[in-house]
1. Do any helices (runs of 4 or more DSSP H) lying entirely in the stretch A:34-123 carry at least 2 residues that are closer than 23 Å to A:ASP190 by Cα and in the same structural domain as A:GLU148 (by TED's automatic domain parsing), and which ones are they?
2. Condition first: farther than 23 Å from A:LEU284 by Cβ and acidic (Asp, Glu). Now tell me which residues in the stretch A:326-372 satisfy that.
3. Within the stretch A:37-60, take every residue that is in contact with a Leu (Cβ under 9 Å, 6 or more places away or on another chain) and over 16 Å from A:THR181 (Cα atoms) and give me the one that is nearest to the other protein chains (Cβ to nearest Cβ).
4. Identify all residues within the stretch A:208-220 that are more than 7 Å from every other protein chain (Cβ to nearest Cβ) and under 16 Å from A:GLN100 (Cα atoms); write none if there are none.
5. Taking into account only those residues within the stretch A:263-284 that are more than 19 Å from A:ASP174 (Cα to Cα) and not in a loop (DSSP other than H, G, I, E, B), which is farthest from the other protein chains (Cβ to nearest Cβ)?
6. Tell me the strands (runs of 3 or more DSSP E) entirely within the stretch C:76-137 that contain at least 2 residues that are over 26 Å from C:PRO46 (Cα atoms).
7. For the stretch B:119-136, check the following and say yes or no: at least one residue is of a type in the set (Asp, Glu) and touching a residue at least 60 places away in the same chain (Cβ under 8 Å).
8. Are any residues in the stretch B:112-130 surrounded by 22 or more Cβ atoms within 10 Å (Cβ to Cβ) and either part of a helix (DSSP H, G or I) or at pLDDT below 95 (or both), and if so, which ones?
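The values are calculated or read from the model by the stated rules, or taken from the named source; none is laboratory data. Quick caveat, the model's predicted, so the values are computed rather than measured. Here the Cβ positions follow ideal geometry from the backbone for every residue, glycine too, while neighbour counts run over all protein chains shown.
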Amino acid sequence: MAEKMDLQSTEVWDGNYAAAQALRQAQVDVVAAYPITPSTPIVENYGNFVANGYVDGEFVMVESEHAAMSGCVGAAAAGGRVATATSSQGFALMVEVLYQASGMRLPIVLTVVNRALASPLNVRGDHGDMYLGRDSGWIQLDAFNAQEAYDLTLMAFKIGEDINVRLPVMVHQDGFITSHTAQNIHPLSDDEAYAFVGDYKPVDEMLDFSRPVTYGAQTEEDWHFEHKAKQHRALMDSYVVIDRVFEEFEKKTGRKYKRLETYMMEDAEVAIVALGTTVETAILAAKQLREEEGIKAGIVAPRTFRPFPFNEIREALAGLKCVAAMDRSCPMGAMGALYNEVNGALASIPADQRPLMTNFIYGLGGRDFSVKEAKRIFREQKGHADVGYITTPIQQFSGLRGPKLGFYEVKRS
Amino acid sequence: MTEIRWHSRAGQGAVTGAKGLGDVVSTTGKQVQAFALYGSAKRGAAMRAYNRIDDEPIINHEKFMLPDYVLVIDPALAFTDNITENDKPTTQYIITTHLSKDELIAQIPELQDKKERVHVVDCIQISLDTIGRAIPNAPMLGAFVKVSGMFELDYFLEAMKRVLSKFPQKIIDGNMQAITRAYNEVN
Amino acid sequence: MKGVLATDKRGVRELGAEDLVGWDEVTQGVVLNSFDLEVENPALVPPEERPYSDFNSYTATVASWRVIKPVYNRDICIDCQNCWVWCPDTSIISRDKQMLGIDYDHCKGCGVCVEVCPTNPKSLLMFAEAEDPDAALSQWPEKKKKEKK
């Protein structure tokens, strides 16, 4: 039996330590990992827990992230609760196997500490790696602070392993800004946490020799499409279980999660749609603007980047005057992904209820996103709303040195 | 909101100091944040660590800060780093140095008009005497406790013992002495 | 007699002739069950007694792919198991190290078994698919004498 750890009702943990503690409390059977900045401390701390007798499971140090996720796929197919951690280049190297894991419907939990993708080499937080995973068939949960990284990691097991979901789950947190920032955390006790997550219930496990199964069969044009469609359907439908797990977690902890988080949207005229720590910084900016300048600013933030909360976005933003979608990843030849998804959600309402939509590319490679800049963006949206059209390029770069950079002008008349 | 900026060199323990301070502050029921900005992440490179302390949950994640306290734990950084960056008319400075306060201020023009807000303490010497290594973070915490008046010294020492509980007794004792000495010597 | 050489379940459908079901009927995670039922210690149960499912190639046949076939001559065979080792389609049926015959549901007629057969004359020879087995055995060649130098 694994040793239990005495935790205070309030601990001061950074996001990495919080995620490592959640993995320990879930009593994962196999962690196969290859550490990379800024998620290294998750693997390092977990290794410490194993060495000190706090975990019963196996800890496998492999030779690359491709091998790490491959080890996870093998262990999950064998019938174990499985998790790992990565960032950036490591995430990129995992991508091939991410698709295998989701296609095989293996509920692996991957804690992703978001970091920029080279080149140029950079270890700081942006959402390049998170966006790289968006078509991989994983559920993607997004934490805005360290407490949420802990909570969502626990919930990830319960969501992914549910018999009606059986999909792998990523839990994203911002590199350094969350992963290396210590804040007050209210953890569950080991017993409470494990009782919440529950025992792992294997499905089609390869170690059941009385029922041999084949994983990784080849399908060509005769079968491939049907399997992918079934997988997409499972991901689309997973919101039912996600909502239920969020509710159960709220009952246990009082901490409420929604697939689309909204702040001050009741009477908002302008809004920012964002992911990660930017959400909280923007809330602060909106509060100040409401007090100081009377601008009715609100924030909308997908908690589940996948499945994307289309219905909830539509409800939250219908009737608003102007909305800025904030993408912390360089879209390279297109509009930002968040801008595109939000526009997709709004396409199904009458044109006179659709807000003006702008897109900001910001914070790449860990560039600071300040309260001051968030306020400037809100004010700019208010300006568009007042004249009734977008007066700037639709896509702009925020916080960039050099001449103003923007793309895609509004076509009027 | 109380905001603190640490000026340090990688390896001097500013991150540990900031997290330790956060740990102790959290025991008083307050909300804390501790983070750092590394340069090249090499030992000896100049770096900064930060604390935010508030009664409300802290949702500000920007790196930009108007510090209430500037803690300089490396003697040379007072001269080479921009320690007065984004300061306020009320910002308090605690600077580690072997110089007297007047000698130090005489050499740093930016501090001339802030004399009553500058405090000095020799964290390097204190840590050498008490811990046996030049790790100036613990003495700086002692000086901060005195200057800020945020805690009673005894409360802080007890709380730090818990934070340091995984270390050998000798290290804990050294740290307690370092904190106490700096508390008494800062001026 | 069915039994070991030709069972009820083996090769009962043409490979690739499965029902093309819709997305709602395919298996979750493309996981394919070998058996329809649970089997205690399947390694100890001979293939002809295992409840192979439609997902297992045991129940499929590729006999129609073959234009020439190996014929087995029991009188010459020394049960060396070379053909069993080398057959790429596990189509040599052998029990307790005794060669029994060919699984014609899965043999594609590649001829590897004949190549690796060490006896003189060979215990396996390739004949046209339509050739009658008895007729094939009646034209079996004589032992070849080593040519002296």
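1. In the stretch A:34-123, A:40-51 are the helices (runs of 4 or more DSSP H) which contain 2 or more residues that are closer than 23 Å to A:ASP190 by Cα and in the same structural domain as A:GLU148 (by TED's automatic domain parsing).
2. A:GLU341, A:ASP352
3. Only one residue tops the list, namely A:PHE49.
4. Hits for the stretch A:208-220 are A:GLY216, A:GLN218, A:GLU220.
5. That would be A:VAL270.
6. By residue number, C:124-128.
7. yes
8. Passing the criteria: B:CYS123, B:ILE126, B:SER127.
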